[in-house]
1. Considering only DSSP beta bridges with both partners in chain B, what is the antiparallel share in %, to the nearest 5?
2. Quick one: if the Förster radius is 60 Å, what FRET efficiency do residue B:190 and residue A:286 give, using the C-beta to C-beta distance and rounding to 0.05?
3. Out of residues 5 or more away from residue B:122 or on other chains, whose amide H comes under 5 Å of its own, with H placed 1.01 Å from N in the peptide plane?
4. Averaged per residue, what accessible surface does segment A:50-145 expose to a 1.4 Å probe, in Å²?
5. With a cut-off of 8 Å between alpha carbons and a minimum separation of six or more residues, what is the relative contact order of segment B:293-341 in percent?
6. Before anything else, pin down the relative contact order of chain B: Cα pairs under 8 Å, at least 6 apart, normalised by residue count, whole percent.
7. What does the average come to when, for each residue of peptide B:45-54, you count the partner chain Cβ atoms lying within 10 Å of its Cβ?
8. Determine the total buried accessible area between chain B and chain A, counting protein heavy atoms only with a 1.4 Å probe; round to the nearest 100 Å².
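The values are calculated or read from the model by the stated rules, or taken from the named source; none is laboratory data. Worth saying up front: this structure is predicted, and the values here are computed from it rather than measured. Here the Cβ is made from the backbone with ideal geometry for all residues, glycine too, and neighbour counts use every protein chain on show. Each accessible area value is taken on the protein alone, full model and side chains, heavy atoms only, with ligands, DNA and RNA left out. Shrake-Rupley method; radii C 1.70, N 1.55, O 1.52, S 1.80 Å.
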Amino acid sequence: MTTTPSTPANQPPAHGALARPPQQAPGLIQGLRSLVATPLNALLTVLALAIAWFLLRPAIEFLFIDAVWSGHDRAACLAGEAGGETGACWPYIARRLGYFIYGQYPEAQRWRPNAAMALCALNIGWALWPRAPFRGAALFSFVLPFPVIAWILLYGPGFSGLVAVPSNLWGGVLVTLVISIVGIVVSLPLGVLLALGRRSQMPVVCAASTVFIEVMRGVPLLAVLFMANRMLPLFLPPGVLPDPLVRVMVGVSLFAAAGMAEVIRGGLQALPKGQYEAAAALGLGYWQMMFTVILPQALTLVIPGIVNTFISLFKDTTLVTVVGIFDLLTTIDVSSRDPAWATPVTASTGYAFAAIFYFICCYAMSRYSAAMERRLAAAGSRS
Amino acid sequence: MKRAPVLMAMTCGVIAAAANGAPASAGVLDQVKQRGELICGSNPGLAGFGVPDDKGKWTGFDVDYCRAISAAIFGDPDKVKYVPLTAKDRFTALQTGEIDVLVRNTTWTMTGDTAVGASFTSINFYDQQAFMVRARLGVKSALELNGAEICVQRGTTNELNLADFFRAHKMDYKPVAFGSAAETVRAYDAHRCDVFTSDSSALYAERLRMTNPAENIVLPERISREPFAAAVRKGDGQWFDVVRWVGFGLVAAEEAGITKANVEEKRASDNPELRRMLGVDGKLGSGIGLPNEWLVNIVRAVGNYGEIYERNLGENSRLKIPRGQNNLWNKGGLMYAPPIR
C-alpha cells in the first residue's frame, strides 16, 4: 500500500484527496457525529451509554465515592448502626500492603526483594528499550547472570553471607513475579528448541519433542501443579525432595514452554520455503540458518502469540494457590479472613485491588507488544 | 484399572521405605531437635485458628498449639516452620514426612486413624454444627425452625447433618444450597434465607463478614460432633506422646491455675502436684525426651489452654465463641487431662 506517485497537476483536488489512503483515525468531531448520524445509531448510542452508566456507576461508587479511606481495623469499614454497606475498605489494603507485596518475608530483610525487583526492572528496561545500547547483552544478562543474582539475593544461600530466607516465607507480588519471570525466561528458549525439534528430520528428536508438547498441552496446568506437589513426593525418597516453590516453577515453565513451542512452530511454518532454500544455497549450516535467517523472521511474525502466552502465563500463576503457594491472590484471599479486618466489603476490596494490579501488568505487556509490532512493521516496509 | 494396583504398590512401597528407612532409626523428635525447627502443617487461612496478621506473622488457636510444641522442645515458641495445607493435601503431607505434626482443625474420625496413616493425639477443640438466625425473628431453639429456608454449603457434611436433624425431628425445611462458603454467607446476609447452618466455629467467623454482626445469634442446639485434634504420622510412639502431652499439659495447666503471669510464682510453691508438673520435683519431662521444665516453657510462651482459647477464639478475640464444650470438665465442658505424675 503506497501512495500513487506523481499526481498529474491538472487533476481536480477532490480526486487527489480520494487517491490518498483512507484516514486511519477519524477526527474526534467526525467520530462523535457518526454516533448520532442516523436515528438507529443515536438509539444504539443512548442504549450503550445507559448500559455503561448502570455498570460503571456502582463500580465508581464502590471504589471512590462510598469508599473508606482511613482507619486501623474493621470498625472503620463497618456501616455502623444505620445498616447497609460502605464502599471499598482502602485502609485494609494500605495496612496489609507489605504482606501483599512480600508475604512473610522478614521485614528487616525486605531490601533484598526490593533490590532484586529494581535490578529486574532495570534489566527489562534495558532489554526492551529500542534505542538502548548492547541490547543483546541485556537479553543475555536477563537469562543467565540476573536469575543467579536474584536467587542469591532472595534466598541467601550459605556462602553469600546473607540471612537465609526459605521460600515458604516468600509471598504476594514477589512470588507472582518470581514464578512468571522464571516461566517467561525459561519458556521462550525452551519453546524455540521444542518447535525446532518438532520440525526436525531426526526421528528421535522429533518424536520426543512431539510427545512432550502434546502431553503438556493435553493436561490442564492444575494437573501439572498437583503432579509436582502431591505425586512427586510419593515417588521420591525422603530428603531429596526439591523445594515446593521450585517444583511449581518447573511445572509452570514446562507447561508454558509447550504452549510457546506451538506458537513458534506457527511462525516457522508461515515462512515461505524460499527462505530456507536461499539460506541453504548460501551454504549456511542448520544452526546458522535458524539463528540468522529463519528465527528472526519467524519470531517477529508471532509476537502477538508470544505475548499472549506470556500474559496467560502471568495470570495462570494464580493457580499455584491450590498447592499452598502464597501468590498475590492467595495472600489477598487469606487476609480477608483475618478477624481484625473481616467485614462485608473486605473480600471485594481485596479482589478489586488484585484486578487493578493484574490489569496494569497485562495491559503494559500488551501495549509494549503493540508498539513492537508497529516498529517492526515499519522496519519491514522500509527494507 | 489395570495400572491402579501397580501405582498403589509403588506408592505404598515408597511409603514403607520411608517408614523403614532413616526416619525410623532417628525418631521424629530427634529429627526436629537436629533440624532446630518444628514443621507444622497448618490451615492456609481460617479466622481464629490460623491467619497471617498485618505483618504476615501466623496467629491463631492452632498456630499457638504449634508454638507450644516448639516451646516444649526448644524453650522457644518461634522455631516453627508453617506449611499451609489444603484439606485434600494434609494427610499426604503427613505421610510423606513433609510435616512433623498436623494442627489444622482436622476432625478426628475412625478413618482418620485407620486409613490415612495418621494418629490423632488429643482433642484441642470440640466443634459442632449449629444454626444462626437473625435475632429479631425471636427464635430461641432449632426445634422452632419448622418450614424455614436454610442456607447451607452444597456437598458438605453440613448438608447431610441438616437433612438428618430435620428428618429425626419430623420437621420440614427448604434448603438453599450454594457452592462456596462465601456465597452462602452472602445469601444469608442478603435475606435469601432465614437460617444459616455450618460448624459453630465457622458461624462465628462468618458473622464478622455480615452487614450487622450483632443482629445474628447462634441457636443452642448442636447437631453434629467435629472434634478437632492434632495428628502425627503413625508408628512413632515417642513423638505421639510428645504432641499428646503438650495438649494435655495445656489443659492441666489451666486446671491447676497456672497462667503466663504466675508461672514463676507457682514454681516456688510447696504443692507437690505443681512441683511435679513444673519440673521442680521428679524427671517427668525427660521421660518423653523433653526438658524437665517443658510445661514451664509452654505456659511462659503461650499461656495455658484457657488463655490460648480466650486470646484467639473467646472473649478477648473478635470471634467471641463461648467456651461451651471446650470448657474444663469441672466447669461444664469436656476438656480433661489425665494426671501428670
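1. Bridges in chain B that DSSP calls antiparallel: roughly 55 percent.
2. Working: r = 65 Å, r/R0 = 1.09.
My answer for the efficiency is 0.35.
3. Correct list: B:230.
4. So segment A:50-145 comes to 59 Å² accessible per residue, rounded to a whole number.
5. Working: 34 pairs, mean separation 7.7, N = 49.
Computed over segment B:293-341, the figure is 16 percent.
6. Numbers: 598 pairs, mean separation 67.9, N = 341.
Here the relative contact order equals 20 percent.
7. Mean partner-chain Cβ count within 10 Å for B:45-54: 6.
8. Working: alone 16480 and 22500 Å², together 35850 Å².
Between B and A, the summed buried area is about 3100 Å².
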